[in-house]
Amino acid sequence: MSDRSSPAGVAASHVVGPAPHIAAPLSCRHIMLWVIAALAPAALWAIGNMGAPAIVTFGVGIGSCVLTEFAWNALLKRTQTIGDMSAVVTGMLLAMSVPPRTPWWICMVGGIVAIGLAKMLFGGLGFNLFNPALVGRAIVMMSWLGVMSEIKTPAGVPAPGGWFAALSVPASGKLDAINGATRLAIAAADRAGNGGYAYDLAKQYGPLLLRNLEGSLGEVSAGLLILGGLVLLARGIIDWRIPVGYIGSVAALSWAFGSDPIFNVLAGGVLLGAFFMATDYVTSPITRNGRLVFGIGCGVFNIVTRFFGPMPETTTFAILFMNGLAPLIDRMFMPKPFGYLRPAKAVKADA
Amino acid sequence: MAVRLFRGGVHPPDRKEATASQAVARAPLPERIVLPMSQHLGAPCQPLVAKGDRVSRGQVVGSVDAMISAPVHSPVSGEVVDVAKALTPSGARVMCVHIHPDADQDLATFVPIDAAADDVAAIARAAGVVGLGGAAFPTSVKLVPPKRSPIDTLILNGCECEPFLTCDHRVMIESADAVVAGAARIASAVGAKRVVVGVEDNKPDALEALRKAVSEAGADIETVGLPTRYPQGAEKQLIFALTGRVVPQGQLPSSVGVLVHNVGTAVAIHEAVASRKPLMERVVTVAGAVAQPGNFLVLLGTPISDLIEAAGGLVGDVGRIVAGGPMTGQSLASLDVPVVKGTSGVVVLTAEESAPHVDGDQPCIRCGRCVEACPMDLHPFAIASHADRRMWFGVERFHGLDCIECGCCSYVCPTRRPLVQLIKSGKSALMVKGVKR
Ligand code: SF4
Ligand code: SF4
């Protein structure tokens with residue numbers, strides 16, 4: 001705040017300001033750097049497996065987000081805000097929510113939309129209603145649905161050897177007819193087509209956790225995403241209520257609908273959503289109970305649309321839908337002050 | 001006894017190690033004593049002396065006939081050199097009696113107070129005792145509880161949850177007997193059956209000293225260690241921790257039958273009753289970026305610059321200099337202000353420690369940390385943003401009046417929003433408008 005230098009000449013560095021005079025060390029930038037660090041293992045592992053196309057996707061995603069924010073501030077002569085690193089986080093999340101072979105110009109449009117339309121137009125970090133990365137992804141997905149659904153697993157990615165090979169089975173398994181589709185799409189087609197479970201969901205745990213090459217960059221390793229999420233939880237960067245509500249309700253509902261809860265948590269970007277997207281501060285509720293409700297809402301929307309909607313990949317829309325409800329949820333779950341309307345009763349509650 | 005945990009709060013580094021083991025030493029006699037006529041909450045005193053008058057140690061130099069007030073006594077014998085306005089730690093210019101102390105002082109004697117022997121409230125009033133924890137509310141007022149809500153529990157606050165400060169810690173160790181005696185006197189004055197001293201568990205030696213004093217005195221006083229968490233020493237949080245009672249919104253602790261006094265205040269009351277000694281000096285922690293941090297017994301009215309000299313002077317790049325603790329104290333623009341009754345410490349922060357505040361003015365990112373940290377379960381950002389837009393109804397609707405101004409919200413905010421500052425402005429605006437609370 002408005003510190004002014006010493007009027008009494010105590011020392012050149014002497015300043016005056018309002019209480020409190022000390023502050024917790026965690027700044028906004030630190031928080032964003034932690035999120036980047038937590039995403040890094042999954043991102044690097046994706047690059048390691050996908051090679052050049054993944055590097056291009058990450059590069060264009062992050063670059064277009066940062067440049068859009070930079071240009072916006074520069075054109076409107078605002079204070080530059082790229083130093084808070086939130087645009088880098090958005091770029092990383094955007095890149096991780098699209099397939100590695102997404103044409104670079106689609107990534108670029110995604111980045112421009114994410115930052116320009118979903119963030120800066122609303123007034124910048126702190127004022128946006130919807131998660132920028134998810135808006136970017138949703139818009140490019142809808143605009144180029146044809147292009148995006150044609151994207152196949154990169155050919156010629158060498159399978160790793162040793163014990164690892166056993167885990168990295170291709171998604172399609174027996175159902176060769178839909179080669180290149182994600183495990184989730186295969187599972188959905190299987191359920192719709194045969195009404196049974198020819199596709200062994202339990203066999204998919206290993207690949208989904210460690211090396212899954214079908215789907216978006218963020219789906220390569222659910223295991224590394226869990227690791228990153230746990231780091232964020234341990235560091236107090238994110239509140240446990242959102243991921244617990246989200247993952248818990250996905251598991252519970254998919255079990256209730258007769259499917260495999262673990263498969264449903266690991267597939268379709270649920271973990272990326274639960275740990276890294278739904279937990280976006282700006283677009284999720286601020287109240288404790290509100291966050292739990294928000295997380296549960298994301299999971300319920302995600303699973304209901306996954307099982308009963310036209311497409312199984314609905315994480316993006318689940319979170320965006322709940323983003324829209326966040327202000328309402330906050331209003332409903334506003335905490336009651338300590339001592340709120342507890343008159344005479346309090347005396348009797350003696351220990 | 002089961003201790004209850006209040007929700008929220010923060011864990012700032014406690015930084016007490018430099019002074020916690022430093023015995024209280026008397027600060028040197030200053031060349032000038034400046035006694036503000038308003039060192040307490042309530043009506044300011046009128047000066048009773050004029051320029052040129054001789055005063056003795058213990059003599060009343062200012063008082064007023066209002067219910068909520070506390071007289072001011074000269075801590076030295078000397079000559080009144082001026083009666084004029086001067087700057088106080090709060091930043092306000094108030095009427096002060098300026099005294100030039102005699103070179104040879106007999107600090108062992110004083111003019112005893114004049115009050116009925118058996119009326120503790122009247123004695124506290126005559127002795128000018130106020131809450132020494134920092135709030136400086138006149139103690140006599142609290143010793144006359146409202147008739148409709150009898151007091152059954154007296155809590156002595158030895159939490160000292162503010163970082164850096166160790167004055168209460170030292171008082172509990174060095175004057176444990178007086179703490180216990182003071183507690184007994186207050187308890188019998190208000191008719192409290194249960195007496196509990198709450199001490200944060202980062203001060204095991206203080207608890208030990210108190211327990212010893214309690215058993216030696218054969219007193220019926222509980223001593224309870226509390227988890228170290230700021231603001232454990234806030235009145236409502238402390239009452240909840242020790243009794244499980246929740247003070248309803250907008251009401252005083254007496255509404256749940258509890259009275260809370262700081263341990264230092266108990267000592268002052270004991271001295272006032274036992275030896276008729278008025279409040280003329282107090283223990284002050286001088287800590288942070290000074291050469292020899294320590295605890296000092298300081299005559300009220302001593303300039304803070306003298307006190308910093310007594311602690312060896314400032315060292316390094318000095319940022320904020322705070323009267324009181326770093327969470328709620330006053331940042332001083334000038335060191336030419338006196339120690340007053342409510343000055344528990346002088347904390348010198350380095351430029352670096354004060355730096356996180358400088359680069360601020362980012363918007364709220366809705367991280368929820370302020371909500372999580374608020375010990376009153378408020379929504380600090382909502383209150384602050386309404387206050388910022390001068391939408392006072394929002395301050396009221398989000399219960400801004402329940403804010404205890406602990407500063408936890410501002411402390412944790414990663415974008416350094418001046419939350420408690422805005423909330424305070426909202427509260428005063430509501431008070432001006434006459435919203436009751
Ligand atoms: S709103 Fe008031 S009570 Fe709550 S943390 Fe902030 S200063 Fe403390
Ligand atoms: S701590 Fe600061 S950034 Fe976080 S919600 Fe509160 S005001 Fe906003």
Dipole of region A:28-147 [Lys/Arg +1, Asp/Glu -1 at C-beta], most positive-end residue of A:Leu76, A:Ser97, A:Ala37: A:Leu76
Virtual spin-label span in nm between A:Ile55 and A:Phe122, 7 Å along Cα→Cβ: 3.4
Cα Rg, Dmax, region B:120-275, angstrom units: 14.1, 40
Across A:Lys336/B:Lys203; B:Lys147/B:Lys341; B:Lys16/B:Lys236, pairs whose alpha-carbon gap is larger than 26 Å: A:Lys336/B:Lys203; B:Lys147/B:Lys341
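Relative contact order, percent, of region B:369-432 when contacts are C-alpha pairs under 8 Å separated by at least 6 residues?
Relative CO of region B:369-432 lands at 38 percent.
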Summed side-chain charge close to B:Thr228 - residues other than B:Thr228 whose Cβ falls under 11 Å, Lys, Arg +1, Asp, Glu -1: -1
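Going highest first, how would you order A:292-301, B:86-95, A:34-43 by mean Cβ packing within 10 Å? Could the numbers behind the result be given before it?
On the way: A:292-301: 24.5, B:86-95: 16.8, A:34-43: 20.9.
By packing density, highest mean first, the sequence is A:292-301, A:34-43, B:86-95.
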Sparsely packed trypsin sites (Lys or Arg not before Pro) within region B:365-408, loop by DSSP, other Cβ within 10 Å at most 12: B:Arg389, B:Arg390
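Can you give the percent of C-alpha pairs in region B:369-432 whose distance is more than 20 Å? All intermediate terms of the calculation are to be shown ahead of the outcome.
On the way: 258 of 2016 pairs.
Across region B:369-432, Cα pairs with separations above 20 Å total 13 percent.
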Shielding by partners, peptide B:44-56 (average Cβ within 10 angstrom, other chains): 0
Average accessible area per residue (Å²) across the protein assembly as shown - probe 1.4 Å, nucleic acids and ligands excluded: 39
For residues of B:321-334, the mean tally of beta carbons on other chains within 10 Å: 5
Modelled FRET efficiency - R0 56 Å, B:Val432 with A:Asp200, Cβ distances, 0.05 increments: 0.20
P(r) tail fraction, the protein assembly as shown - alpha-carbon pairs more than 44 Å apart, %: 39
Separation of alpha-carbon centers, region B:42-65 and region B:111-189, rounded to whole Å: 23
In order through region A:306-313: 3J(HN,Hα) via Karplus (6.51 cos²θ - 1.76 cosθ + 1.60), integer Hz, x for Gly, Pro: 5, 7, 10, x, x, 10, x, 8
Directionally averaged shadow of chain B, computed from the convex hull of its alpha-carbon atoms, nm²: 20.0
Gaussian network model of chain B, springs between alpha carbon atoms under 10 Å - residue of B:Val49, B:Val348, B:Val97 with greatest fluctuation: B:Val49
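What net charge is computed for the residues neighbouring B:Trp392, neighbours being all others with C-beta under 12 Å from the C-beta of B:Trp392, Lys and Arg scored +1, Asp and Glu -1?
Numbers: positive: B:Arg389, B:Arg390, B:Arg397, B:Lys427, B:Lys433; negative: B:Asp388, B:Glu396.
It works out to a net charge of +3.
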Selected from B:Cys406, B:Ala27, B:Gln292, residue furthest toward positive end of dipole (the protein assembly as shown; charges at beta carbon): B:Cys406
Signed unit charges on C-beta, dipole axis of region B:234-373, positive-most listed residue B:Pro338, B:Val283, B:Pro326: B:Val283
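Summing Lys, Arg as +1 and Asp, Glu as -1, what charge do residues with Cβ under 12 Å from the Cβ of A:Cys107 carry, A:Cys107 excluded?
Working: positive: A:Arg101, A:Arg137; negative: none.
Neighbour charge sum, excluding A:Cys107 itself: +2.
What are the GluC sites (Glu not before Pro) within region B:100-201 that DSSP puts in a loop, where the Cβ has at most 13 other Cβ atoms within 10 Å?
Values: sites: B:Glu160, B:Glu174, B:Glu200; in loops: B:Glu160.
Loop-located and lightly packed - none at all.
Tell me, what is the percent relative contact order of chain B, built from C-alpha pairs under 8 Å that lie six or more residues apart? All intermediate terms of the calculation are to be shown ahead of the outcome.
Values: 1045 pairs, mean separation 80.1, N = 437.
It comes to 18 percent, rounded to a whole number.
Extension gain B:Asp119-B:Asp317, at 0.36 nm per residue separation less the Cα-Cα distance, in nm? Walk me through the numbers on the way to the answer.
Values: separation 198, 0.36 × 198 = 71.28 nm, distance 5.05 nm.
Computed gain between B:Asp119 and B:Asp317 is 66.2 nm.
Considering all alpha-carbon pairs of region A:28-147, what whole percent are spaced by more than 21 angstrom?
Tail fraction, whole percent: 33.
The values are calculated or read from the model by the stated rules, or taken from the named source; none is laboratory data. No experiment lies behind these values; they were computed from the predicted model shown. With ideal geometry, Cβ positions are generated from the backbone for all residues, glycine too; neighbour counts draw on all protein chains shown. Side chains included, ligands, DNA and RNA excluded: accessible areas come from the protein's heavy atoms. Shrake-Rupley method; radii C 1.70, N 1.55, O 1.52, S 1.80 Å.
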